[in-house]
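Visitor: Sending over a structure as C-alpha cells; questions will come in a sec.
Here, each number is a calculation from the coordinates, and none is a lab measurement. The model shown is predicted, which means the values in this text are computed figures rather than measured ones. Cβ placement follows ideal geometry from the backbone for every residue including glycine, while neighbour counts extend to all protein chains displayed.
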Amino acid sequence: MAGSAHRLTSLAVPPTRKESDMSSSPVSQLLEDAHAEGVLSPTSLQALTTVDLGAQIQAGLGISVDDVQSSEVVLVTVMPDDSGSMASHARTVCEGHNLVLDALLASQQKDGVLFHTRYLNGFVLNPFRPLEDVVRMHDKNYDPDQGTPLYDQAVVLLGTVLAKAQEFTRNGVSARTVTLLITDGADAHSQRARAREVAALVEDLRRAENHIVAGMGIDDGSTDFRKVFRSMGIEDKWILTPGHNAQDIRKAFQVFSQSAVRVSQGAATFHPSALGGFGA
C-alpha cells in the first residue's frame, strides 16, 4: 500500500541536519507575526487558524534557521498529485520532480536553496532541507492511489511556505519562494477550504513581491485547468497545461525548473513581474 511505502521511506531516510523543533504554537506565532506585519491578510489568517493546521505546517518546516549559513535563501516547493488517476503518470512525475532537483543542484546558487516536497494528500517526502539532502521521488515512495483535496492541501502548502519565509525574515535572512502545485483534476475531496481561501493566500504572497505560485494541470480530457488555477488566484502566466503524455509532462517540469533556477540567481532577477512567467 502507498501509506506503508511512505512510512518506510520516511523512516529510512532520516533528516541529516537539525530540523525546526517548533510546535504548532510557534507556527501560529509566525502566522500572527506575518499578519501584524501586513504580509498575511485577515482572510488568509482565518483560513490557516480556524482549523489548527499547525501540526501539518510544522511537518514541512524542516531545517532550523540557525543551520542555514546564508544571508538569503530560496524556498522551492513542489506538490505532486498522488491521486489514483495519476497512476499512469507516476514514473514521469518522479522524473519531473527529480529533474527540478538536478537543475537546482547544477546552479551556482545551489547552497542557498531549500527544497520541500509535499504530496497532494499531505505526505511530506521532504520538509524544507538543503538540496544535497533531498529525497528523490521513485516508485517506493510515490504510489498515487488517493483523492484530490486540492484546496485543503494548497492552503496547508502555502501556509508552510509563508511560515518558513517568515521564520527566515524574522531572523534577518531574505527569503524568496517559488511553489508548484500539480494536479490532473479539479478539487474533489477538500473538507475545509474553498478556492477563495487559496486565492487569498496566493494574493498575499504575490503582494509581498518575493513569491511565485505556479500551477500544473495535466490534461484529463475535461477539466479547464486555467479556470481552476485562476479561481485559486494563480496568474495565467504561471499556469502550465501539459497534455496527457509523458513528453508534454516532462517539458512542463523542464519549464518550471528553468524558472526555479532563475529565481535562485538572486534578488535582482527575481521580481515576479520582471520574470514574466513561463512564456518569457
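Visitor: Reachable lysines from residue 110, Cα under 28 Å, same-chain residues fewer than 8 places away excluded?
Guide: 18, 140, 164, 237, 251
Visitor: While we're here: Can you tally the net charge around residue 82? Count Lys and Arg as +1, Asp and Glu as -1, for every other residue whose Cβ sits under 11 Å from the Cβ of residue 82.
Guide: Here the charged neighbours net out to -3.
Visitor: Rounded to whole Hz and in sequence order, give me ³J(HN,Hα) for region 82-95 from the Karplus expression 6.51 cos²θ - 1.76 cosθ + 1.60, θ = phi - 60°, writing x for Gly and Pro.
Guide: 10, 6, x, 5, 8, 3, 6, 9, 3, 4, 5, 5, 4, 4
Visitor: What residue among 93, 74, 65 has the largest mean-square fluctuation in a Gaussian network model of the chain, using Cα springs under 10 Å?
Guide: Greatest mean-square fluctuation among the candidates belongs to 65.
Visitor: Order these by the 10 Å Cβ neighbour count, fewest first: 219, 66, 224.
Guide: Least crowded to most crowded, the residues run 66, 224, 219.
Visitor: Would you mind calculating the gained length between residue 105 and residue 67 on full extension (0.36 nm times residue separation, minus the Cα-Cα distance), in nm to one decimal?
Guide: Once the chain is fully extended between residue 105 and residue 67, it gains 11.8 nm.
Visitor: Tell me which label goes with the value of Rg and Dmax of the Cα atoms in Å computed from the coordinates here: [x] 18.7, 64; [y] 17.0, 47; [z] 23.4, 68.
Guide: [y]
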